[in-house]
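One structure is given here, and the rest of the page talks about it.
The values are calculated or read from the model by the stated rules, or taken from the named source; none is laboratory data. In this text the structure is predicted, and so the values were computed from the model without any measurement. When we count neighbours, we look across all protein chains shown, and the Cβ atoms used for this are built from the backbone with ideal geometry, even at glycine. In case anyone asks, the SASA skips ligands and DNA or RNA and just uses the protein heavy atoms, side chains included. Shrake-Rupley method; radii C 1.70, N 1.55, O 1.52, S 1.80 Å.
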Amino acid sequence: MTAGSSIAQSPEPIIRVENLQKTYQMGEVAVHALRGISLNISRGEFVAIMGHSGSGKSTFMNLIGCLDRGNGGRYMLEGVDASTRNRDELAKLRNAKIGFVFQGFNLLSRTTALENVELPLVYAGVPRRERRRRAEEALKIVNLADRMDHRSNQLSGGQQQRVAIARALVVHPAIILADEPTGNLDSRTAVEIMGVFQQLNRQHHMTILVVTHEPDIAQYTRRIVHFHDGRISNDAIVSNPRDAAADLAAMPQLDEAVQSIAAAAP
Amino acid sequence: MNPLSVLPVAWLALMRHKMRAVLTTLGIMIGVASVIAMVAVGSGARMMIEAQVASLGANMLMIFPGSTNQSGLRGGMGSVSRFTEADGRAINDECPNVAACTPVVNYSGRAVYGNQNWPTRINGVYPNYTEIRDWPLSAGKLFTEQDVERATKVCLLGQTVVDNLFPDGGDPVGLYVRVRNIPFRILGVLERKGQSPFGADQDDTIIAPFTTVQHRLLNTTSVYIFMCSASSTDTIYKAQDEITALFRQRHRLQPDQDDDFTIRNQADLLKAQTESSGVMQMLLGAIASISLLVGGIGIMNIMLVSVTERTREIGIRMAIGARGRDILLQFLIEAVVLALAGGMVGIGIGVGATQLITYVLNWPTLLSPFSIVAAFGSAGITGICFGFFPATKAAKLNPIDALRYE
Ligand SMILES: Nc1ncnc2c1ncn2[C@@H]1O[C@H](COP(=O)(O)OP(=O)(O)OP(=O)(O)O)[C@@H](O)[C@H]1O
Ligand SMILES: [Mg+2]
């Protein structure tokens, strides 16, 4: 999107995490969800986080997404120290710099796709006209120009997730955070969504961080970080990422037929 | 975030549960409706009392013998009279702010015409009585100063007396009525005046020259009361002070002695009357505020339910950048929209109820735009007050917990 080349060359990574820790106090028991995470993510990266259940992936995403604060270490978001901000400042950071995509889509029900995508801009104080223009643009990018006025409950899971992606990218965030975005989708739709991310990453130079359990899905990204018990156990470049568009083309036609019927149903 | 942009959101959220919204705002509706109807009834009553007091005569003062006791009642009027006609003349001569003054005596008895008779009260007064009481004639003419000097047997009839002595209609002017077997020639008829503030029929009266009633009917030398009019509304209290000073001097009262007379003006009468209707107003106001309170609690309750139901929505909004105050504003506006919608319906009901009271119960009412605005405003304030707690609760939610809420 607007990721100008001058910013892209800036040496400061978008995400700089140093020894980040998070402990949940459950009565007497302290749950160490993050035990010291250090990680840098630069502009234009497409990273997958993997790890077994309870390894701290979601906790990490919440901290990166400014929904919560750690209790140790440091987190710099585009050079801004997010670990010391108050509630309102975090809300502002989320609004301006973070795009969330959730496993359960989390669109406002009975609200049109367009209105859902406009919502972050409402909180950013963008005037109505401008809001509409940018929301339409975002929906075009995720290939939903023809579904703008559909309410979220009239859309298929894959379509809802694409609306959610449009909502995430409409503010031109520093990073898109997706916690298991394909977890509720069938395998073909999952590949479609990964295709949308790939397109955003390649053509619009968006920085994307995806949590996934599925190694297949992680193969569409360019770097995989493994979590284990609140620590990073492995961090590796994907030498040869899969191409979602190519994989989709190779999938059986039957699926498409079923999908188009499903989409046509009221 | 622009508060106006929340309005459609709030409206849609309410429309999702129409029945619930209607039931919730029932209290507000009743509250607003009762405020409007009650103020209308109250001001209607006051308007009527004011009209009645005004009908006593413009800027009128009454002077009674005897001092005022605790309950505001006088010792038997006329029975211990110390007033004389000379007192009245002194008022006319020495009180510059008194425009006119007449002594009054009255005789209660039967007026007879032909085979009709009617029990009424004959007031003996000076001709300026009609001026003091602001009471024009509908027919005939007034008696004169000379009639007073000569104690002429003439009179003017009130409409009620005319209606009862001349049931077949016809012009009574020039005919004679008998009181205590004395024939009084009818000089004229007074215009209809209606009820007094005390509920008495003011038209059930005959007026005759002061001396005629004093000597021929009562056979007394005393004056029961004086009726005066101040030169203007602004000088009522000045006139009252002048009369007080004059009477204290004439009655040779020492500074430590209480007045042996009582002066009442229209404002006093109005106050006494509106005090009783004020109690009524207060009662009605209490009902209205209780309804609004109940309505407010209803709104608070439903907003708390709404916040819980929409926890996930709140989480989503927070995740994409809503600050606490944005959420607060959203729910507050929703509560206010709910209250104002109820208020709007309440206005309709209140106006309708007022019409019903006017045409079915035949009570005087006065719909005041101020009360409508005030009632609508209190509905809005109720919404703000009782919406605040649920809205604060929503604003304080932790985004992560809210997002995870099922
Ligand atoms: N709000 C919380 N209160 C207490 N403990 C928590 C809370 N959230 C997470 N935890 C604990 O922190 C640890 C990490 O949880 P987290 O949700 O980050 O795991 P995850 O890697 O996302 O797992 P999954 O793959 O199942 O989503 C877990 O042991 C979890 O029980
Ligand atoms: Mg998780």
### Message
Within the range B:207-222, does at least one residue satisfy the condition of being surrounded by fewer than 19 Cβ atoms within 10 Å (Cβ to Cβ) and among the aromatic types (Phe, Trp, Tyr)?
### Response
no
### Task
Report whether or not B:Leu403 is in contact with a helix residue (DSSP H, G or I) (Cβ under 7 Å, 6 or more places away or on another chain), closer than 21 Å to A:Cys66 by Cα and in a helix (DSSP H, G or I).
yes
### Message
Kindly evaluate A:Gly56 against the criterion of being within 11 Å of another protein chain (Cβ to nearest Cβ), closer than 21 Å to A:Thr221 by Cβ, open to solvent by less than 40 Å² (accessible area, probe 1.4 Å) and within 16 Å of ligand 2 (Cβ to nearest atom).
### Response
no
### Query
In this structure, is A:Thr182 closer than 23 Å to A:Pro252 by Cβ, buried (at least 23 other Cβ atoms within 10 Å of the Cβ), in contact (Cβ under 8 Å) with a residue 24 or more places away in the chain and within 16 Å of ligand 2 (Cβ to nearest atom)?
yes
### Answer residue from the range A:60-106, given it is among the hydroxyl-bearing types (Ser, Thr, Tyr) and open to solvent by 20 Å² or more (accessible area, probe 1.4 Å) and is nearest to ligand 1 (Cβ to nearest atom) among those
A:Ser83
### Task
Determine, yes or no, whether A:Glu214 is charged (D, E, K, R) and within 14 Å of another protein chain (Cβ to nearest Cβ).
no
### Test result for B:Ile207, over 30 Å from B:Glu94 (Cα atoms) and either outside any loop (DSSP other than H, G, I, E, B) or touching a residue at least 60 places away in the same chain (Cβ under 8 Å) (or both)
no
### Residue identified as farther than 18 Å from A:Leu185 by Cβ, touching a helix residue (DSSP H, G or I) at 6+ places or on another chain (Cβ under 9 Å) and surrounded by 15 or more Cβ atoms within 10 Å (Cβ to Cβ) among A:Val142, A:Val126
A:Val126
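This table checks each residue for (1) open to solvent by 30 Å² or more (accessible area, probe 1.4 Å); (2) within 7 Å of chain A (Cβ to nearest Cβ); (3) touching a residue at least 60 places away in the same chain (Cβ under 8 Å).
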residue: B:Gly295; (1), (2), (3): no, no, yes
residue: B:Gly298; (1), (2), (3): no, no, yes
residue: B:Asn301; (1), (2), (3): yes, no, yes
residue: B:Val305; (1), (2), (3): yes, no, no
residue: B:Arg323; (1), (2), (3): yes, yes, no
residue: B:Ile327; (1), (2), (3): no, no, yes
residue: B:Val337; (1), (2), (3): no, no, yes
### Query
Residue check: is B:Ala375 at pLDDT 90 or above, assigned to a helix (DSSP H, G or I) and surrounded by 16 or more Cβ atoms within 10 Å (Cβ to Cβ)?
no
### Query
What about B:Gly31, is it at pLDDT 85 or above, open to solvent by less than 10 Å² (accessible area, probe 1.4 Å) and either closer than 30 Å to B:Gly298 by Cα or not in a helix (DSSP H, G or I) (or both)?
yes
#### Entry: Matching residues, the range A:35-53, being surrounded by 16 or more Cβ atoms within 10 Å (Cβ to Cβ) and within 10 Å of ligand 1 (Cβ to nearest atom)
A:Ile49, A:Met50, A:Gly51
### Query
So, of the residues in the range A:119-130 that are in a helix (DSSP H, G or I) and at the interface with chain B (Cβ under 10 Å from one of its Cβ atoms), which turns out to be nearest to the chain's Cα centre (by Cα)?
A:Pro120
### Task
Being more than 16 Å from ligand 1 (Cβ to nearest atom), without any contact (Cβ under 8 Å) to a residue 24 or more places away in the chain and either open to solvent by 80 Å² or more (accessible area, probe 1.4 Å) or within 25 Å of A:Glu18 (Cβ to Cβ) (or both) is the filter here, so list the residues in the range A:217-237 that pass it.
A:Ala236, A:Ile237
